[in-house]
Amino acid sequence: MVKPIYIAGEWKNGRGGLRATTFPADGSINADIATANADDVEEAVQAADKAWRDPSWRHRLPHERAAILYKVADLVAARATTLAALQTRDNGKPLTETMALVMSAAGTARYFAAACETLDESLPSQRSHDYITASVYEPLGVVVAITPWNSPIASEMQKIAPALAAGNAVIVKPAEATPLAALELARLFEEAGLPKGLLSVLPGRGSVVGEALARHPKVRKIAFTGGTSTGRRLAGIAAEKLIPISLELGGKSPTIVLEDADIEMAARGVCYGIFSSAGQACIAGARLFVHHNIYEPFMARLLELTRGLRVGHPEQPGIHMGSLINMAHLESVAGFVERAGADGGTILCGGKRLTGKTETCDYDAGCFYAPTIISGLSNSSYVCQEEIFGPVLVVLPFDNEADLVAQANDSMFGLAAGIWTENFRRGWRLARTLDTGTVWLNTYKKFSVSAPFGGFKESGLGREKGRAGVREYMQQKSIYVGLSDEPNNWSA
Ligand code: NAD
């Protein structure tokens, strides 16, 4: 059955042709999506431009805009099971993970609703008795949100909610592989009473639909999450148009285990940090630095935990890792592991596609790769420098803290880092030396919507989440109000 898309408040077939989304765990077809083309882009942008300028939205008070987001939050929570199942079908992540992403999307909508109705505007300190100055915020206009396939509903809500809270219209271009959650979100916004035109969801090819959206003269902000090379290309477009862009890009995050770490806590944290989401996470802790003094016992425990991970059908309960997104990606992961071997690395576990069958999972039908740990490479090796985006961990022993910091920071990326130590003061000092946007100390992959998130270096520009997150979708205006009864003079 052909699935329509959401163009300017109407459900209709896009004109870009059909594209099937498939379940990576067994290759079955989820839906045939009637994707968008350049004409659909034009229609959505024109409607969005009209909708955000419409006084019925433009003059809607913050608490009234917030009411829609609160309603959406409740609807997302109420439909959590369906939304999680849809996302699992699209990207092969275990249901426990997709459920957590759905609940985080509900929390994000609620948070930005609260931010929307409680953000203040200000009167800067006054410099004259003849006028007062007010500092207010205006929307940017039409915002384009371009998202990747690994955590669709969460990345989409992180853009839609603050953009709408700030009074903009938003057009979402979800990843080719994962349009289902975004389309369902559009239904919920519609049900919550969002006026037509303020939200469109245009699935389609990034190079066609995404690029046409980014280049459109009426688009006034690009909010992008995805790979660094795509981000760089979009940044070029934003630079030509002189419009703001926020970029949440790739990573190759270091995790550091100091010699005084609690081995059990650290081993479990490291294992989760890299292998949850089958490593398909921008923040995956993909480079592991372990102090020589505890290398043997730590690695013994880490390998035991890793070999015990259950890789299986993502709809089955109790599994740790589901399928990779598709066969091309699996081959790319396998290529990195092969390269590690050629560069002198030793595969300590995994290192292969899973094949055969269990009672609940036909590995041959899907894209399942074993959790893999590699030693014997240097930090400057190809496999340590490039983002693999799969279940592959490279382990590097260290002795000296200064050398450790230099290696950890020796990466073009700067998204996140983890530190495991029982010495809080040392951990804090180390955290301040790492060139990354997030540091986890004695934990990993924990998130709070109230804490800003984003990358250093080639991991991104700008921050999402936090109260300031909504300001990324606004522009500041100063209004001077004259108080004097005298006409303007020429000197000031
Ligand atoms: P990608 O860059 O290939 O695609 C991301 C989105 O951009 C997709 O919707 C795609 O269709 C679109 N796109 C592609 N080419 C485009 C173009 N020329 N113009 C406009 N849009 C275009 O990334 P991906 O493979 O979907 O996702 C994986 C990447 O995302 C990894 O590098 C990962 O680290 C990164 N990521 C980052 C974060 C973060 O918050 N920093 C979160 C999740 C994923």
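Values quoted throughout were computed directly from the atomic coordinates according to the rules given, and no laboratory measurement underlies them. Keep in mind the model is a prediction, meaning the values are calculated, not measured. Please note: Cβ atoms are built from the backbone with ideal geometry, for glycine as well, and neighbour counts cover all protein chains shown.
General remarks:
- Shown is the FRET efficiency for Thr118 and Arg187, computed with R0 = 25 Å from the Cβ-Cβ distance and rounded to the nearest 0.05: 0.35.
- If the Kirkwood radius is taken over C-alpha pairs of segment 73-127, then at 25 °C and 0.890 mPa s the Stokes-Einstein diffusion coefficient equals 189 µm²/s.
- The residue among Gly273, Ser253, Gly204 whose Cα reaches farthest toward the positive pole of the charge dipole of segment 172-288, with charges on the beta-carbon of Lys, Arg, Asp and Glu, is Gly204.
- Restricted to Cα atoms, the chain shows a radius of gyration and a Dmax of 24.1, 88 angstrom.
- Length gained on full extension, Arg471 to Ala239, computed as 0.36 nm times the residue gap minus the Cα-Cα distance: 81.5 nm.
- Taking the DSSP beta bridges with both ends in segment 108-208, the antiparallel portion is around 10 percent.
- Protection proxy ranking of 394-401, 208-215 - average other beta-carbon atoms within 10 Å, highest first: 208-215, 394-401
- For Val102, net neighbour charge (Lys/Arg +1, Asp/Glu -1) across residues whose Cβ lies under 12 Å away: -1
- Two-decimal log10 I(q)/I(0) for segment 115-209, as the Debye equation yields it once each C-alpha is a single scatterer, q = 0.25 Å⁻¹: -1.30
- Bridge type composition, the chain - antiparallel percent by DSSP, nearest 5: 40 percent
- Among 174-186, 154-166, the order from most to least packed when residues are scored by Cβ within 10 Å on average: 154-166, 174-186
- Note on Glu138 and Ala77: the extension gain reaches 18.9 nm, defined as 0.36 nm multiplied by sequence separation minus the Cα-Cα distance.
- Taking the charge dipole of the chain about its Cα centre, with +1 at Lys and Arg Cβ atoms and -1 at Asp and Glu Cβ atoms, the residue from Phe224, Phe112, Ile479 reaching farthest to the positive side is Ile479.
- Quarter of Cα convex hull surface for segment 419-492, i.e. mean projection, nm²: 9.7 nm²
- Placing +1 on the Cβ of every Lys and Arg and -1 on the Cβ of every Asp and Glu, with nothing else charged, gives the chain a dipole about its Cα centre of roughly 560 debye.
- Rel. contact order, % - alpha carbon contacts under 8 angstrom, at least six apart, segment 333-477: 15 percent
- Loop-resident sites, segment 286-337, for trypsin sites (Lys or Arg not before Pro), counting at most 15 other Cβ within 10 Å (DSSP): Arg310
- Each of the peptides 104-112, 240-248, 278-286 was scored by the mean count of other Cβ atoms within 10 Å over its residues; in descending order, highest first, they stand as 278-286, 104-112, 240-248.
- Each Cα pair under 8 Å and six or more residues apart adds its sequence gap; the mean of these over the residue count of segment 202-258 is a relative contact order of 33 percent.
- What the Cβ-Cβ distance of Ala402 and Thr346 gives, at R0 = 35 Å and to the nearest 0.05, is a FRET efficiency of 0.85.
- Segment 269-365 - Kirkwood radius from inverse mean 1/r over Cα pairs (Å): 14.9 Å
- Positive minus negative residues near Val392 (Lys, Arg vs Asp, Glu; Cβ under 13 Å): +2
- Out of every Cα-Cα pair that segment 364-492 contains, those further apart than 18 angstrom amount to 70 percent.
- Cross-link pairs exceeding 32 Å between alpha carbons, from the set Lys71/Lys457; Lys3/Lys252; Lys159/Lys357; Lys12/Lys446; Lys221/Lys252; Lys218/Lys445: Lys71/Lys457; Lys3/Lys252; Lys159/Lys357; Lys12/Lys446; Lys218/Lys445.
- Taking every alpha-carbon pair in segment 1-130 and binning the separations at 5 Å intervals from zero gives 2, 9, 11, 12, 15, 17, 14, 8, 4, 3, 2, 2, 1, 0, 0 percent.
- Across the chain, the relative contact order, built from alpha-carbon pairs under 8 Å that are at least six residues apart, equals 18 percent.
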